[in-house]
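Asks: What follows is a single structure, and I will ask about it in a moment.
Readers should treat all values here as calculations from the given coordinates under stated rules, not as data from a laboratory. Bear in mind the structure is a predicted one, so any value in this text is a computation, not a measurement. For neighbour counting, all protein chains shown are included, and Cβ atoms are generated from backbone atoms with ideal geometry for every residue, glycine included.
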Amino acid sequence: MIKPEKTKLTLGFSPLTDCAPFVVAKNLGYFENWGLDVTLQKQNSWATLRDKLHAGILDAAQMLAPMPIASTLGLGVSPIHVVTPMVLSQNGNGITLSEALIEEVLAVNKIFQLAFPLDAKLLKNVIDYRVQENKDKLSFATVFPYSCHHYQLKDWLLSGGISFDDVNISVVPPINMVDSMLNGDIDGFCVGGPWNAKAVRGNCGVTVVTSSDIWQDSPEKVLGFLSSFVESKPNTVLAICAALKQACNWLDSVPNRFETAVMMSQEGFLGEPLEIITPSLLGSCLTQAKLSPRSVPSYNQFSTTVDGNDVNNPDVEYGQWLLQKMKSSGQIPDNINTKGCIEGIYRSDIYRQIAPLLNALG
């Protein structure tokens, strides 16, 4: 058993369904088994979580997969080297449109029901109609500029011939998405669970497509550390990773996922009822009130994919792919040198040290 250099730790997470590895590791004693005294600290916005990690207030954090790249390149913040030794989850996002917008989609396209996943071309017809009638642009929200949600919404709209110039785009913290839709501030959003399910249960939104439909099996959340922490406390990093890997493995069992939903329904975590938290964990996508859910077996993946591939390895290819998404979105100025940066951020070399530690446990 390794000896962590630092044992009393504060880890940040966002109240989302895919914070499950943190909740499981805490509740089942995995952190404790590795000699760690972990406090989980909920952060309601991604910008706040990032800033606290950069300032050293958080020792490590659940991060959006592109966030370590953005931090290291200094996008939207002073540059600071952030490292990810582990992917925590794949997929998990959905795009939800307001009930009012769905009524427009049906009326403009002269149809009586929708097929899921929704073809974005039906939305393009609404946008063209609004231009003809001099009506306001539609407004969409994502959770952070450097997020898979941002790029997934962009790609889905592009599949229907819609660019970001055709709509308004804003950033809203995940926990505020449903209220923003209820208030009429936005017509649609891309967010992780359980907030899509909450919109459907509340009869204010329709989840028309999931991230599994747009990008199958792509990294969604990663574990982030400052590079300085990784260099000075390598055993602590491995202990945290080992505990979270155990939690991810536990989450591969479907029966365990209902128990996870019970844990996450506690006020300190998500504080939402089981009927909102549970569906995506069980591969069920709520679409619209009174309609049957869609079966999406890969909706939340924590350890292995449906095909049995390792979810948690932070392969450099994942980072390179996300970097290209950031470049194609015009988020990286020409004067920023990105050559070789991903190799220093997505650290499979650290991840490969976890398996021998877990094997030694027997």
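Asks: Give me the distance in nm between label points sitting 7 Å out from Cα along the Cα-to-Cβ direction at residue 55 and residue 115, one decimal.
Replies: Once both label points are built, they end up 5.2 nm from each other.
Asks: Among 347-355, 192-200, what's the highest-first ranking by average C-beta atoms within 10 angstrom per residue?
Replies: So the order, starting with the most tightly packed, is 192-200, 347-355.
Asks: Okay, moving on. Can you compute the equivalent ellipsoid semi-axes for the stretch 56-186, i.e. the square root of 5 times each eigenvalue of the Cα gyration tensor, sorted largest first and rounded to whole Å?
Replies: Result for the stretch 56-186: semi-axes of 33, 15, 14 Å.
Asks: Among 314, 353, 186, whose Cα sits farthest toward the positive end of the charge dipole of the chain (+1 at Cβ of Lys/Arg, -1 at Cβ of Asp/Glu, about the Cα centre)?
Replies: My answer, from the dipole projection, is 353.
Asks: Something else now. Placing +1 at every Lys and Arg Cβ and -1 at every Asp and Glu Cβ, with all other atoms neutral, what dipole size does the stretch 68-190 have around its Cα centre, in debye to the nearest 20?
Replies: 280
Asks: Using θ = phi - 60° and the Karplus curve 6.51 cos²θ - 1.76 cosθ + 1.60, what whole-Hz ³J(HN,Hα) does each residue of the stretch 164-171 get, with Gly and Pro shown as x?
Replies: 4, 5, 7, 9, 8, 10, 9, 10
Asks: Kindly provide the chymotrypsin sites (Phe, Trp or Tyr not before Pro) of the stretch 130-168 that DSSP labels as loop, not H, G, I, E or B, and whose Cβ sees at most 11 other Cβ atoms within 10 Å.
Replies: none
Asks: Given Cβ point charges of +1 (Lys, Arg) and -1 (Asp, Glu) and nothing else, what value in debye, to the nearest 20, does the dipole of the chain about its Cα centre take?
Replies: Roughly 380 debye for the chain.
Asks: Taking 0.36 nm per residue of separation and subtracting the Cα-Cα distance, what length does fully extending residue 262 through residue 132 add?
Replies: Additional length available on full extension: 41.9 nm.
Asks: Hey, got a sec? Which trypsin sites (Lys or Arg not before Pro) in the stretch 1-81 land in a DSSP loop and have at most 16 other Cβ atoms within 10 Å?
Replies: Sparse-neighbourhood loop trypsin sites (Lys or Arg not before Pro): 6.
Asks: Between residue 179 and residue 231, take the C-beta separation as r, use R0 = 45 Å, and let me know the FRET efficiency to the nearest 0.05.
Replies: After rounding to 0.05, the efficiency reads 0.60.
Asks: Here's a follow-up. Using helices alone, I'd like the mean residue ellipticity at 222 nm for the chain: each DSSP H run of four-plus residues gives -39500 (n - 2.57), total over residue count, nearest 500.
Replies: -11500 deg cm²/dmol
Asks: Under the classification rounded if a/c is under 1.5, otherwise prolate if a/b is larger than b/c and oblate if not, where does the stretch 174-275 fall, given a ≥ b ≥ c as square roots of the Cα gyration tensor eigenvalues?
Replies: prolate
Asks: Show the residues, 5+ positions off or on another chain, whose built amide H is closer than 5 Å to the amide H of residue 61.
Replies: HN-HN under 5 Å from residue 61: 12, 224.
Asks: Related question: Using only the alpha-carbon atoms of the stretch 222-362 as identical scatterers, what base-10 log of I(q)/I(0) does the Debye formula give at q = 0.11 Å⁻¹?
Replies: -0.60
Asks: With point charges of +1 on the Cβ of Lys and Arg and -1 on the Cβ of Asp and Glu, referenced to the Cα centre of the chain, which listed residue (160, 279, 86) lies farthest in the positive direction of the dipole?
Replies: 86
Asks: Still on this structure, I have one more. Report the charge-dipole magnitude of the stretch 17-88 in Debye, nearest 20, computed about the Cα centre from +1 at each Lys and Arg Cβ and -1 at each Asp and Glu Cβ.
Replies: 160
Asks: Still on this structure: Between residue 275 and residue 159, with labels modelled 7 Å along Cα→Cβ, what's the label distance in nm to one decimal, could you check?
Replies: 3.0
Asks: Also, I was wondering about something else. With viscosity set to 1.306 mPa s and temperature to 10 °C, compute the Stokes-Einstein D of the stretch 125-207, Rh being the Kirkwood radius across alpha carbon pairs; µm²/s, no decimals.
Replies: Rounded to a whole number, D works out at 120 µm²/s.
Asks: Using a Förster radius of 45 Å, what is the FRET efficiency between residue 252 and residue 334 based on their Cβ-Cβ separation? Nearest 0.05, please.
Replies: So the FRET efficiency works out to roughly 0.55.
Asks: Once phi is turned into ³J(HN,Hα) by the Karplus curve 6.51 cos²θ - 1.76 cosθ + 1.60 with θ = phi - 60°, what whole-Hz value does each residue of the stretch 265-273 show in order, with x for glycine and proline?
Replies: After applying 6.51 cos²θ - 1.76 cosθ + 1.60, I find 6, 5, 4, x, 10, 8, x, 10, x Hz.
Asks: Test of understanding: express the Cα radius of gyration of the chain as a ratio to 2.2 N^0.38 Å, with N the residue count.
Replies: Against the compact-globule rule of thumb, the ratio is 0.98.
Asks: After finding the eigenvalues of the alpha carbon gyration tensor for the stretch 1-127, what semi-axes result from the square roots of 5 times each, listed largest first in whole Å?
Replies: Working from the Cα gyration tensor, I get semi-axes of 40, 19, 12 Å.
Asks: If you don't mind, another one. Residue 121: which lysines have alpha carbons under 24 Å from its alpha carbon, excluding same-chain residues fewer than 8 sequence positions away?
Replies: Excluding near neighbours in sequence, the set is 110, 135, 137, 154, 325.
Asks: Each label point is 7 Å from the Cα along the Cα-to-Cβ direction; what then is the distance between the points at residue 1 and residue 171, in nm?
Replies: Reported label-point gap for residue 1 and residue 171 is 4.2 nm.
Asks: Could you work out how far helix 316-328 tilts from the main Cα principal axis of the chain, as a 0 to 90 degree angle to the nearest 10?
Replies: Long axis of 316-328 versus the principal axis of the chain: about 40 degrees.
Asks: Oh, and also: Could you work out how far helix 148-159 tilts from the main Cα principal axis of the chain, as a 0 to 90 degree angle to the nearest 10?
Replies: Its long axis makes an angle of about 30 degrees.
Asks: Going through the stretch 225-267, which chymotrypsin sites (Phe, Trp or Tyr not before Pro) have at most 10 other Cβ atoms within 10 Å and a DSSP loop state?
Replies: none
Asks: Turning to a different aspect of this structure: Going toward the positive end of the dipole of the stretch 178-261, with +1 on Lys and Arg Cβ and -1 on Asp and Glu Cβ, which of 205, 222, 261 do you reach last?
Replies: Final value for the positive-end residue is 261.
Asks: Can you give the Rg to Rh ratio for the stretch 97-140, taking only C-alpha atoms and Rh from Kirkwood?
Replies: When Rh is taken as the Kirkwood radius, the ratio is 0.94.
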